[in-house]
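Notes to accompany the following structure.
The values are calculated or read from the model by the stated rules, or taken from the named source; none is laboratory data. Model, not experiment: these values are computed from the prediction. Cβ coordinates were reconstructed from backbone atoms using ideal geometry, including for glycine residues, and neighbour counts include every protein chain displayed. Only protein heavy atoms, including side chains, enter the accessible area calculation; ligands, DNA and RNA are left aside. Shrake-Rupley method; radii C 1.70, N 1.55, O 1.52, S 1.80 Å.
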Amino acid sequence: MTATRVLVLNSGSSSLKYQLLDMRDSSRLATGIVERIGERTSRLRHTALTTGETRETSGPVADHAAALKAVAEELGRDGLGMDSPELAAIGHRVVHGGSSFTEPEIVDDAVLAEIERLVPLAPLHNPANLTGIRTARSLRPDLPQVAVFDTAFHTTMPESAARYAIDVSTADEYRIRRYGFHGTSHAYVSRETAKLLGRAPEDVNVIVLHLGNGASASAVRGGRCVDTSMGLTPLEGLVMGTRSGDVDPAVIFHLTRVGGMSTDEIDTLLNKKSGLIGLCGDNDMREIRSRVDEGDEQARLAFDIYIHRLKKYIGAYYAVLGRVDAIAFTAGVGENAAAVREAAVAGLEGLGLAVDAGLNAARGDGARIVSPEGARVTVAVVPTDEELEIATQTYALVGASHDLT
Ligand code: ADP
C-alpha cells in the first residue's frame, strides 16, 4: 500500500493545531486543536471529516508531548492513527527559517540545530515549533518529518528589498534583515491567483494581501516574492489586529526615555495592545464594521487608519512591480470583509483598480474575481490554505526523496 496521508502540525506556545490530509485528492480526513496546553483547563477539539463527528475533551494537558499523544489517540479512534502505514510524513509549520532555509527540509539533527540557532529571531514561535517536531519524532522515529518555513517564500527578495538601511556590520552581526512571514500563504495564494487568471505563475505579477489577525502584503513577480511588509519579526508593515505595523523606530526611544517604559513593556504595547485593538478596543473586523455602521467615531478612525496603510502598500508594491496583473485578498478579513476590499481600492481607478459592487458583496467559497469585467488589474478573493500548502510541500519532498533512494 502506498502511503498517501500527511499529518500537518502547527505548534504554538500553548496550542497544537493539526490536520490530516489524503494527498491523492488533497481531502481532509481529520482536523483539530489542543488549546491551553500546560494549564488545568486544556481542551482538545477533534473532528473526523470521514464521519463528520466532532469530539471535545477537557482536562489538564501538561505539555506538547501529552497533547500530541492525545491527538494520536483521537486519530486512532477514527481508524486514522499515527501508527498507520498510510501515513507518509508529518509536515511542521516552522515560523522562522532565517536566510538559510529557502525550501522545506526533511528534519535531521542538523536542521533541528539550525532551527534552534534561529530562536533569538523568533523567541516565542521557534521553541514551540521545535517541541512539536521533537515530540512527533519520538512518537514516529521512522517517519520523515518535514519543516516548512514561514519565511522561505520570501528568501527570493533582492538585497535592495531585504536589507534595512542601517550599518551593515551591525546588521550582519545580529542577522537583522527583512525575513517576512506568512510565506506559505503568500506562495499558495499567488499561485492560486495565477490559476484563477488561467495563466502560469511565471507570467503573472500579483500583490497578495494576507489580512487576518496578523496581516502582511507581498509583491510577487512571476511566482517569486520581491518584497513583503513584515520584517525581522511579524511586527512591521500593515495595521493588524493587535500589532502596530510600521512606526517610527524613535517611538521606542521616546517611550523608554520619556515614558520610562521597559523593553518588554514596549514589546507588549506594540505587539499586543496596538493595531485595531489599541485604536478602538476591538480587533475583530466584524465588530468594527458594525460599530462604524452605528456611527462610532473611534471605530471609524481605526478603520480609516487600517485602510490608509493598506493603500500605501498597494501603491508601493505597484511601483515595485511596475506591472500588476492581480491583487489578491486573503485570510479572515481579506476573504470576508467586502468593505475592506472596497475601501482599499477606492480612488485607485487611475491604476486600473476597482471592484464591482455586486461581485464584491456576493459571498462564495472558492477563489473569485470581484473586479469589473475587462478591468486592467484583476481584483480577486483567493482563500488561503496554509495546511494544504504545507502538506503539498511535505508530500512533494518525501516523494522526491523516495525517488532518490
Ligand atoms: P489568524 O491571523 O488568527 O489566522 P484569520 O485569518 O482567521 O486570523 O482572521 C481572523 C480575523 O478575520 C478576525 O479577527 C476578524 O477580524 C476577521 N474576520 C473573520 N470573519 C470575518 C467576517 N465575516 N467579516 C469581517 N471580518 C472577518
Every residue from segment 264-280 that is open to solvent by 50 Å² or more (accessible area, probe 1.4 Å) and either within 21 Å of Gly334 (Cβ to Cβ) or not in a helix (DSSP H, G or I) (or both): Lys273, Ile277, Leu279
field: Residues of segment 73-113 satisfying the condition of being surrounded by 19 or more Cβ atoms within 10 Å (Cβ to Cβ), under 17 Å from Thr31 (Cβ atoms) and over 19 Å from the mean Cα position of the chain (by Cα)
entry: Glu74, Leu75, Leu80, Met82, Leu87
field: Every pair of residues 6+ apart whose Cβ atoms lie under 9 Å, when the first sits in segment 341-363 and is open to solvent by less than 50 Å² (accessible area, probe 1.4 Å) while the second is of a type in the set (Phe, Trp, Tyr) and modelled with pLDDT of 95 or more
entry: Arg341/Phe329; Ala343/Phe303; Ala343/Tyr306; Ala344/Phe329; Leu348/Tyr318; Leu353/Tyr318
- prompt: Name the pairs: first residue in segment 328-340 and under 19 Å from His308 (Cβ atoms), second residue in a strand (DSSP E or B) and more than 8 Å from the ligand (Cβ to nearest atom), Cβ to Cβ under 6 Å, at least 6 apart or on different chains?
  reply: Phe329/Leu209; Phe329/Val381; Gly334/Leu209
task: Give me a count of the residues in segment 352-396 that are in a loop (DSSP other than H, G, I, E, B) and basic (Lys, Arg).
output: 2
- line: Condition set out of contact with any Phe, Trp or Tyr (no Cβ under 7 Å at 6 or more places or on another chain) and small (Gly, Ala, Ser), scope segment 144-181, selection surrounded by the fewest Cβ atoms within 10 Å (Cβ to Cβ): answer is Ala165
task: Scan (1) more than 23 Å from Met157 (Cβ to Cβ); (2) under 20 Å from the mean Cα position of the chain (by Cα); (3) crowded, with 22+ Cβ neighbours inside 10 Å; (4) aliphatic (A, V, I, L, M) for the single condition Leu124 breaks and write down its number.
output: (3)
Unique residue being outside any strand (DSSP E or B), over 17 Å from the mean Cα position of the chain (by Cα), away from the ligand (no atom under 12 Å from the Cβ) and of a type in the set (Lys, Arg) when the list is Arg289, Arg191, Arg199: Arg199
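Yes or no, residue by residue, for (1) within 29 Å of Pro123 (Cα to Cα); (2) of a type outside the set (Asp, Glu):
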position: Leu269; (1), (2): yes, yes
position: Lys272; (1), (2): yes, yes
position: Leu276; (1), (2): yes, yes
position: Glu287; (1), (2): no, no
position: Glu294; (1), (2): no, no
position: Leu301; (1), (2): no, yes
position: Ile305; (1), (2): no, yes
position: Arg309; (1), (2): yes, yes
- prompt: Among the residues of segment 392-405, is there at least one that is at pLDDT 95 or above, closer than 14 Å to Ser185 by Cα and surrounded by 17 or more Cβ atoms within 10 Å (Cβ to Cβ)?
  reply: yes
- request: Please indicate, with yes or no, whether at least one residue in segment 355-369 is modelled with pLDDT of 95 or more, within 13 Å of the ligand (Cβ to nearest atom) and either under 30 Å from Gly91 (Cα atoms) or among the aliphatic types (A, V, I, L, M) (or both).
  value: yes
Members of segment 202-222 found to be within 16 Å of the ligand (Cβ to nearest atom) and either surrounded by fewer than 24 Cβ atoms within 10 Å (Cβ to Cβ) or farther than 19 Å from Gly332 by Cβ (or both), listed by number: Gly212, Asn213, Gly214
task: May I ask you to list the residues in segment 292-316 that are more than 16 Å from the ligand (Cβ to nearest atom) and open to solvent by less than 10 Å² (accessible area, probe 1.4 Å)?
output: Ile314
task: Look at Pro141 and say whether it is open to solvent by 60 Å² or more (accessible area, probe 1.4 Å) and under 25 Å from Thr394 (Cα atoms).
output: yes
